[in-house]
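Colleague: The structure that follows is given in the form of structure tokens.
No value in this document is a laboratory result; all are computed from the given coordinates. Remember, it's a predicted structure, so these values are computed and weren't measured experimentally. Because the Cβ atoms are built from the backbone with ideal geometry, glycine has one as well, and the counts that use them run over all protein chains shown.
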Amino acid sequence: MGEFRFYPQNTVWEITFACNMRCLHCGTAAGVVRPKELTTDEAFGLIDELAELGCEMITLSGGEPLLRRDWRELAKRSKQRGMKTYLISNGYVITPQIIEDFKEIGFDNLGVSFDGTEKTHNYIRQRPDSFQRAFNAMKMMSEADLRFCAVTQVSNINLGEMDQIRSLLIEAGCNLWRVQMTTDTGRMSKDLVLSLDNYPKFIDKILEFKKGEQTITVDVGENIGYYGCKGSQLLDGMPYLGCYAGTRVLGIESDGKIKGCLSMPEEFVEGNIRDKSLTEIWNNPDGFAYNRQFTRETASGACNSCRYLPLCRGGCTTTSMSASGERANNPYCMYQMEKKMGVQPVDSEVITNLLNRMVEEEAKHDSKQGE
Ligand code: SF4
Ligand code: SF4
């Protein structure tokens with residue numbers, strides 16, 4: 001296998017920490033603008049540097065990105081520099097004029113957060129009219145023929161509403177639905193995070209949607225599944241290749257702090273672009289070690305001896321860290337759950353071939369270390 005090159009292919013950028021909601025599940029507990037967020041000039045410089053580093057996709061996120069005055073300019077600059085440009089919003093301030101702006105800028109995709117029926121969505125988002133505004137935003141996007149998706153954070157609060165959410169999204173004209181599992185980070189409290197008992201019910205529900213009528217496509221978040229029978233079915237038998245934080249994924253906070261992935265806790269900050277350039281931070285030979293220097297020895301728990309480790313590498317870092325405090329010891333793993341129930345995994349040919357190659361690589365690496 002050729003050498004795996006590190007570059008920030010996919011950047012998620014919190015352009016402001018300000019938010020007009022206080023969602024119970026917010027992974028960063030956003031709300032009030034951070035002291036000294038990046039200026040427009042600094043942000044332009046960052047976009048140019050990302051383009052030089054080979055970035056292909058930028059997602060403008062927050063907080064609520066539309067609360068930052070210059071979001072249009074940042075998006076335009078990103079498009080001018082040839083990067084696919086996305087934006088994810090809670091939909092609250094989206095008006096017909098903003099729909100026109102989205103069209104003019106030419107976003108490659110837009111995401112609207114949508115978490116439940118009216119009562120549940122408003123409860124999660126702690127704002128009484130947030131459901132209606134998000135629903136209307138999607139309707140306007142659909143009528144304007146904009147590419148968009150809905151993004152749902154699934155927790156114990158809204159798991160039971162997945163059928164209703166799906167119907168509501170279809171009614172709003174949405175045809176792509178990204179489903180993610182909420183983690184115990186930021187403002188989310190542990191008892192609201194999907195329990196280990198509820199997790200298989202969640203997986204079953206996604207599989208049911210995938211098998212049913214494809215009025216709306218379900219896009220499975222990268223913190224869900226991992227091998228076994230059902231984990232592999234979620235990706236239609238294609239391999240799950242673990243966490244790319246700090247190898248192909250980059251997270252930027254609104255005051256210039258850099259992490260491998262925006263969803264990771266603050267202990268994963270690698271530096272601030274005000275102290276060192278992004279290029280220096282990215283090219284630091286000791287940087288992002290949890291992924292760039294990941295080996296079997298760094299995995300613990302069941303992941304340590306797992307046959308899928310060369311491919312999966314313990315799954316989503318944020319999920320594992322929030323659930324076990326370790327980089328690769330992930331209790332939300334379908335393979336391990338099925339193993340405990342005595343279910344034998346059935347691997348597709350693609351997974352089997354790739355796994356064999358990875359195991360050979362691992363053996364070669366081990367014998368070199370032993371020389
Ligand atoms: S045990 Fe760990 S490495 Fe194995 S499939 Fe599950 S999360 Fe991945
Ligand atoms: S930490 Fe999770 S969400 Fe972030 S890049 Fe890794 S897999 Fe993706």
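Colleague: Beyond 27 Å between alpha-carbons counts as too far, so tell me which of K119/K205; K36/K259; K201/K340; K211/K259; K36/K76; K119/K340 fall in that bin.
Modeller: Details: K119/K205 21 Å; K36/K259 18 Å; K201/K340 16 Å; K211/K259 37 Å; K36/K76 23 Å; K119/K340 37 Å.
Distance filter (> 27 Å) returns K211/K259; K119/K340.
Colleague: How high is the relative contact order of the range 40-88, given as a whole-number percent (alpha carbon pairs under 8 Å, six or more residues apart)?
Modeller: Numbers: 46 pairs, mean separation 25.3, N = 49.
Once normalised by length, the contact order is 52 percent.
Colleague: Would you please put 39-49, 54-64 in order of how densely packed they are, using the mean number of other Cβ atoms within 10 angstrom per residue and starting with the highest? Show your work: numbers first, answer last.
Modeller: Working: 39-49: 16.3, 54-64: 21.9.
My ranking of the peptides, most packed first, is 54-64, 39-49.
Colleague: Going by Cβ distance under 4.7 Å, what cysteines of the chain have no possible disulfide partner?
Modeller: Among the cysteines of the chain, those whose Cβ sits 4.7 Å or more from every other are C19, C55, C149, C174, C229, C243, C261, C303, C306, C312, C316, C333.
Colleague: Still on this model: Once a ≥ b ≥ c are taken as the square roots of the eigenvalues of the Cα gyration tensor of the chain, is the result rounded (a/c under 1.5), prolate (a/b larger than b/c) or oblate (a/b not larger than b/c)? Don't skip to the answer; put the middle values down first.
Modeller: On the way: a/c = 1.74, a/b = 1.19, b/c = 1.47.
Note, shape of the chain comes out oblate.
Colleague: Given axes a ≥ b ≥ c from the Cα gyration tensor, I'd like to know whether the range 99-241 is rounded (a/c under 1.5), prolate (a/b larger than b/c) or oblate.
Modeller: Numbers: a/c = 1.84, a/b = 1.29, b/c = 1.43.
The shape class here is oblate.
Colleague: Right, something else. Tell me, in nm to one decimal, what length is gained between M238 and E104 on full extension, where the rule is 0.36 nm per residue of separation less the Cα-Cα distance?
Modeller: Numbers: separation 134, 0.36 × 134 = 48.24 nm, distance 3.63 nm.
Difference between extended and current length: 44.6 nm.
Colleague: As an exercise, find the ratio Rg/Rh for the range 170-276 from alpha-carbon atoms, using the Kirkwood inverse-distance average for Rh.
Modeller: Here the Rg-to-Rh quotient is 1.04.
Colleague: Where in the chain are the DSSP H helices whose alpha-carbon span along the long axis reaches 15 Å or more and whose Kyte-Doolittle mean is at least -1.0? Walk me through the numbers before you get to the answer.
Modeller: Values: long enough: 40-52 (18 Å, -0.01); 130-143 (20 Å, -0.40); 199-211 (18 Å, -0.55); 349-370 (32 Å, -0.96).
Passing helices, by number: 40-52, 130-143, 199-211, 349-370.
Colleague: Another question, then. How much net charge surrounds T217 when only the other residues with a Cβ under 10 Å from the Cβ of T217 are counted, with Lys and Arg +1 and Asp and Glu -1?
Modeller: Details: positive: R178, K210; negative: D219.
So the surrounding residues net to +1.
Colleague: Okay, moving on. So what is the relative contact order for the range 88-162, in percent, with contacts set as C-alpha pairs under 8 Å and at least six apart? Kindly include the intermediate steps, with their values, before the conclusion.
Modeller: Details: 92 pairs, mean separation 30.8, N = 75.
Relative contact order for the range 88-162 comes out at 41 percent.
Colleague: Can you tell me, using C-alpha contacts under 8 Å and at least 6 residues apart, the relative contact order of the range 4-161 as a whole percent? Walk me through the numbers before you get to the answer.
Modeller: On the way: 269 pairs, mean separation 35.5, N = 158.
That works out to 22 percent.
Colleague: Specify the residue with the greatest mean-square fluctuation among G301, G228, G242, computed from a Gaussian network of the chain linking alpha-carbon atoms under 10 Å apart.
Modeller: Of G301, G228, G242, the Gaussian network model singles out G301 as fluctuating most.
Colleague: A further question on this structure: How many nm separate the modelled label positions at E326 and D219, each set 7 Å beyond the Cα in the direction of the Cβ?
Modeller: Output for this residue pair reads 3.3 nm.
Colleague: Name the shape class, rounded, prolate or oblate, that the alpha-carbon gyration tensor gives for the range 40-162, where a ≥ b ≥ c are the square roots of its eigenvalues, rounded holds for a/c under 1.5, and otherwise prolate holds if a/b is larger than b/c and oblate otherwise.
Modeller: Numbers: a/c = 2.19, a/b = 1.83, b/c = 1.20.
In terms of gyration-tensor shape, prolate.
Colleague: Considering only the other residues whose Cβ falls under 14 Å of the Cβ of E37, what net charge follows from Lys and Arg at +1 and Asp and Glu at -1?
Modeller: -1
Colleague: Would you tally the net charge around P285, using a Cβ to Cβ cut-off of less than 13 Å, leaving P285 out, and scoring K and R as +1, D and E as -1? Display every interim value, and only then the final one.
Modeller: Numbers: positive: R292; negative: E270, E280, D286.
So the surrounding residues net to -2.
Colleague: Turning to a different aspect of this structure: Can you work out the FRET efficiency for the pair K211 and D41, with r the C-beta to C-beta distance and R0 = 51 Å, to the nearest 0.05? Before the final figure, lay out each step's value.
Modeller: Working: r = 51 Å, r/R0 = 1.00.
Plugging the Cβ-Cβ distance into 1/(1 + (r/R0)^6) gives 0.50.
Colleague: Once every DSSP H run of n ≥ 4 in the chain is given -39500 (n - 2.57) and the sum is divided by its residues, what mean residue ellipticity at 222 nm do you get, rounded to the nearest 500 deg cm²/dmol?
Modeller: -10500 deg cm²/dmol
Colleague: Can you tell me how much longer the chain between R147 and I170 gets when fully stretched, taken as 0.36 nm per residue apart minus their C-alpha distance, in nm with one decimal? Can you show the working numbers first?
Modeller: Values: separation 23, 0.36 × 23 = 8.28 nm, distance 1.44 nm.
This chain segment gains 6.8 nm when fully extended.
Colleague: Moving to a separate point now. Please give the contour-minus-distance gain from N304 to E56: 0.36 nm per residue of separation, less the Cα-Cα distance, rounded to one decimal in nm.
Modeller: Details: separation 248, 0.36 × 248 = 89.28 nm, distance 3.30 nm.
The span from N304 to E56 would gain 86.0 nm if fully extended.
Colleague: Using 1/(1 + (r/R0)^6) with R0 = 22 angstrom and r between the beta carbons of S277 and D70, what's the FRET efficiency to the nearest 0.05? Please list the in-between numbers first.
Modeller: On the way: r = 21 Å, r/R0 = 0.97.
E(calc), rounded to 0.05, equals 0.55.
Colleague: Hey, with R₀ at 25 Å, roughly what FRET efficiency would V359 and E3 work out to, going by the Cβ-Cβ distance, to 0.05?
Modeller: For V359 and E3, the calculated efficiency is 0.85.
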